Amino acid sequence: MALTTKHLLGIKDLTTEDIQLILSTATQFKEVLQRPVKKVPTLRDITIVNLFYENSTRTRISFELAEKRLSADVVNFTVSNSSAAKGETLLDTVNNILSMKVDMVVMRHSASGAPHYLAKHIDAAIINAGDGINEHPTQALLDAFSMKEKLGKLQGLKVAIIGDIMHSRVALSNIYLLKKMGAEVMVSGPPTLIPTYLKEAMGIQIEYNIDKALAWCDVANVLRIQLERQNQPLFSSLREYNLAYGITQNRLQKLTKEIVIMHPGPINRGVELDSDVADSPHSIILDQVENGVAVRMACLYLLTGRTQPTT
Ligand code: CP
């Protein structure tokens, strides 16, 4: 089986079958990662550049590990010590790198649409590792993998995405994926951080009362308050945000059932999520990070079109 797309720019472009294929291939790679020798020759002779124009811990390390576990040759690019700082354009930078016989580009950029622009101008396959406030497809795929691993299904699952929805590429990719896979999705948080087009154009439930959202869901995917993307204050203070919308043990103890807590990271502890919840048995946050390597191995492998994933 093969993906219907040459690039992985967003979940919006994937079919349900593409998503199922990535998740089932990731299951095979997760088995590889449990072996004493965690490396397979699948992408030997493939060269991949990780182009990070924006900060990252999890995604950058996870892609690099995934590439190395697949035996690819890896080149890392960070904008701060590159000639981009001297004014070189994105397209010039990428064309120069590709002229050195690079096969695939993994890119994070603060501008929404940057990987889509590149895809129109270069031949190499591109994986979007997060573009502005648009999409973060591999995060949504690893989130889905982790939910399915924990709860056994996506179909019919009730997922509340909570927090700064407005500035979150994780929210949009999760919404696209969960809808395609038959889950029910609700967004919750302050009215100033939830775009109403989600309800009007996409039929997503909006719940401004956090306790009602928690009582409704099986999974709460809690998002970081992205102060760096807010040009003006959208709530009164971080302390008041925590009181009104923070996920606390006190809130969880009022529920009549256990729910699963997720967060893509990095966490603002004591703002959107209290430490005793983030570190509790309800939380699968570190499972998400672990699963990210297998999911990214699956994406890299499937986009090269090679056969024999795990030998
Ligand atoms: N989840 C995520 O994208 O984290 P990083 O910004 O650290 O890559």
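The values are calculated or read from the model by the stated rules, or taken from the named source; none is laboratory data. None of these values were measured; they are calculated from a predicted model. Here the Cβ is made from the backbone with ideal geometry for all residues, glycine too, and neighbour counts use every protein chain on show. Quick note on the areas: whole protein, heavy atoms, side chains included, nothing else; ligands and nucleic acids left out. Shrake-Rupley method; radii C 1.70, N 1.55, O 1.52, S 1.80 Å.
Points to keep in mind about this one:
- Residues in segment 63-79 that are touching a residue at least 60 places away in the same chain (Cβ under 8 Å), in a helix (DSSP H, G or I) and either touching a strand residue (DSSP E or B) at 6+ places or on another chain (Cβ under 8 Å) or open to solvent by 70 Å² or more (accessible area, probe 1.4 Å) (or both): PHE63, GLU67, ARG69.
- Condition check for THR192: surrounded by 24 or more Cβ atoms within 10 Å (Cβ to Cβ), assigned to a helix (DSSP H, G or I), polar (S, T, N, Q) and in contact (Cβ under 8 Å) with a residue 12 or more places away in the chain: no
- Any hit, segment 106-123, residues being open to solvent by less than 20 Å² (accessible area, probe 1.4 Å), more than 12 Å from the chain's Cα centre (by Cα) and on the phi > 0 side of the Ramachandran plot: no
- The condition of being modelled with pLDDT of 95 or more, of a type outside the set (D, E, K, R) and within 22 Å of MET262 (Cα to Cα) holds for only one of LEU238, LEU223, that being LEU223.
- Matching entry among VAL277, VAL222 (being under 24 Å from the mean Cα position of the chain (by Cα), within 16 Å of the ligand (Cβ to nearest atom) and in the same structural domain as PRO190 (by TED's automatic domain parsing)): VAL222
- Residue in segment 35-42 that is buried (at least 18 other Cβ atoms within 10 Å of the Cβ), outside the structural domain of GLN226 (by TED's automatic domain parsing) and touching a residue at least 40 places away in the same chain (Cβ under 8 Å) present: yes
- Some residue of segment 80-102 being within 16 Å of the ligand (Cβ to nearest atom) and either in contact with a Leu (Cβ under 9 Å, 6 or more places away or on another chain) or not in a loop (DSSP other than H, G, I, E, B) (or both): yes
- Taking the criterion of being on the phi > 0 side of the Ramachandran plot and without any contact (Cβ under 8 Å) to a residue 12 or more places away in the chain, no residue of segment 249-286 qualifies.
- Qualifying residue in segment 47-61 (condition: over 13 Å from MET297 (Cβ atoms), part of a loop (DSSP other than H, G, I, E, B) and away from the ligand (no atom under 16 Å from the Cβ)): no
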